[in-house]
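The values are calculated or read from the model by the stated rules, or taken from the named source; none is laboratory data. Here the structure is a predicted model, which means the values were calculated and not measured. Here the Cβ is made from the backbone with ideal geometry for all residues, glycine too, and neighbour counts use every protein chain on show.
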Amino acid sequence: MMKKEIPAHMRAMVLTAPGQYEIKTIPVPVPGPGEALCQIGAVAICGSDPEIFRGDIAGDWPPSYPFIAGHEWAGKIVALGEGVTGFQVGDRVAGEAHKGCGYCRNCMEGRYTICLNYGKPETGHRHYGFKTFGAYAQYQVFHTETLTPLPDCVSFGEGAMADTAGVALHGIERGGLCPGATAVIVGPGPIGMMTLKLARALGAARIIVIGRNPRLERAVEMGCDDAVDFTLCDPVERVRELTGGVGADICYECSGSKGSVSQGIRMVRKGGHVVMLGVAPDTVIEEIPFKYTTANEITIFGSKANPNTGWKYLELLKNKRVYVKDMITHTFSLEEMTQAVDTFVHRKEGAMKVVVYPNGGEDI
């Protein structure tokens, strides 16, 4: 194993019990076969993180305590375990949360985010930040199958959003966006805004965003063609009006709110698609207009995480086909995690993506 200026200890945000965490000094982990030790350049707070911090589903996410969360990250390789090829110490990389077992049917089909051996580490499965220690630390070990080379022109902050962008991009791919299409995005949060940016880059001619202020105002600033405030009108009727009664080609449900999928079905044209990107609580059970959906051949797609999409996002970023820096609204140090989480959860000062720098900033 090759090493380079690696300290014996590091600072990390350690969850000690449901709703409790401390910034602790702990040993730096050692990479095993096929793994890399990475110095974390930046880690972005995801909408699922507060749920993990609170311990809402403790025993599953996280499986036990103490635990280190965090899965939207980018950084630099500082050591390699045995048998690693294709990477070198010093490489800049963006991370991915999921590593499938590699041999189940879904993994063999490239659908490793729905690995049939999910949660069974003995099979090789990993879910960093959820089941396996994650990136709210100065250093962390990751399997190299979850690493994507980060272009030199892409900052760690932008690289940390490869997860958010990848989720949006996977949904766009699942729904089969056609050039010239009219798309509706329900929920102008981070996933919704990234879907807006990527759908535009991939050929959507018209994008309608449904939400409420102040995030709806951000959608306008980021280039949507029409903004619909659902508190002021019936969003289905408004989308129909905006599309001459025909409906949109595709709807991306990014809010996870009850009733939004049913609305999406009625927003799209005959033969249209609805993609479910929003992560709803288990308590949200959606009623579907069964006959209408069947009679109009509406297709509904579930979409989970970001399989095989990180490199695509980074190529779009590298070649200036998409711009995401305007989504990073706040940055904090690891020692300021309490303030960072509070800013994100309560959307203070228009918070969209909140990025934490465990090692002090972009210069590592």
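Residues of the stretch 280-307 that are closer than 20 Å to I191 by Cα, crowded, with 16+ Cβ neighbours inside 10 Å and out of contact with any Lys or Arg (no Cβ under 7 Å at 6 or more places or on another chain): A280, I300, K304, A305, N306.
To keep it simple, each residue is scored yes or no on (1) more than 23 Å from I45 (Cα to Cα); (2) part of a strand (DSSP E or B); (3) assigned by TED's automatic domain parsing to the domain that holds Y292; (4) out of contact with any strand residue (DSSP E or B) (no Cβ under 8 Å at 6 or more places or on another chain).
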{"position": "G180", "(1), (2), (3), (4)": "yes, no, yes, yes"}
{"position": "V184", "(1), (2), (3), (4)": "yes, yes, yes, no"}
{"position": "P188", "(1), (2), (3), (4)": "no, no, yes, no"}
{"position": "I208", "(1), (2), (3), (4)": "yes, yes, yes, no"}
{"position": "N213", "(1), (2), (3), (4)": "no, no, yes, no"}
{"position": "C233", "(1), (2), (3), (4)": "yes, no, yes, yes"}
{"position": "I265", "(1), (2), (3), (4)": "yes, no, yes, no"}
{"position": "V274", "(1), (2), (3), (4)": "yes, yes, yes, no"}
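Any residue at all in the stretch 53-66 that is touching a residue at least 60 places away in the same chain (Cβ under 8 Å), within 15 Å of the chain's Cα centre (by Cα) and outside any loop (DSSP other than H, G, I, E, B)? Among the residues of the stretch 53-66, not one is touching a residue at least 60 places away in the same chain (Cβ under 8 Å), within 15 Å of the chain's Cα centre (by Cα) and outside any loop (DSSP other than H, G, I, E, B), which makes the answer no. The residue of the stretch 231-270 that is nearest to T195 (Cα to Cα), among those that are touching a residue at least 60 places away in the same chain (Cβ under 8 Å) and of a type in the set (V, I, T), is I250. Only one of the numbered conditions (1) crowded, with 16+ Cβ neighbours inside 10 Å; (2) in a helix (DSSP H, G or I); (3) in contact with a Phe, Trp or Tyr (Cβ under 9 Å, 6 or more places away or on another chain) is not met by P50, and that is (1). Taken over the stretch 83-103, the residue count meeting the criterion of being touching an Asp or Glu at 6+ places or on another chain (Cβ under 9 Å), of a type outside the set (G, A, S) and in a loop (DSSP other than H, G, I, E, B) is 2.
Take the stretch 101-133 and flag every residue that is surrounded by 22 or more Cβ atoms within 10 Å (Cβ to Cβ) and more than 20 Å from C46 (Cβ to Cβ). Selection gives C107 alone.
Would you confirm whether or not the stretch 284-301 contains a residue that is touching a Pro at 6+ places or on another chain (Cβ under 7 Å) and either over 20 Å from Y136 (Cβ atoms) or not small (G, A, S) (or both)?
The answer is no; no qualifying residue exists.
Of all residues in the stretch 327-364 being of a type in the set (D, E, K, R) and not assigned by TED's automatic domain parsing to the domain that holds T146, which is surrounded by the most Cβ atoms within 10 Å (Cβ to Cβ)?
Going residue by residue through the stretch 327-364, those that are of a type in the set (D, E, K, R) are 335-336, 342, 347-349, 353, 362-363.
Filter once more, keeping what is not assigned by TED's automatic domain parsing to the domain that holds T146: 362-363.
Details: E362: 13, D363: 8.
Going through the qualifying residues, I end up with E362.
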